[in-house]
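Laboratory data are not the source of any read-out in this text; all were calculated from the coordinates shown. Keep in mind that what you see is a predicted model, and the values were worked out from it rather than measured. Ideal geometry is used to build each Cβ from the backbone, glycine not excepted, and the neighbour counts take in all protein chains shown.
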């Protein structure tokens, strides 16, 4: 992934002052094995996991590790899934 994209993730904070790193759902197991800082918050969603960190340095370290493993979520990565059942007429 381009260094520019990684810098873009860390260039903004959420309204509460946290750096937010979006991860793919496959990152759940990796996160459970990692030692995260005490102030880290994990928001677990269906399509994306958000890791929120206060420290820019800690966020950069985590971002580099997870990027090497290919676990950073990029919008538009998801394959479009066809509908399982056709629409029923009324």
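Legend: ranking of residues 38, 54 from fewest to most surrounding C-beta atoms inside 10 Å; resulting order 38, 54. For the peptides 43-52, 57-66, the ranking by packing is 57-66, 43-52, with the highest mean count of neighbouring Cβ atoms within 10 Å listed first. Per residue, the Cα convex hull of the stretch 1-54 amounts to 95 Å³.
Compared with the alpha-carbon gap, the fully stretched path from residue 3 to residue 34 is longer by 8.9 nm at 0.36 nm per residue.
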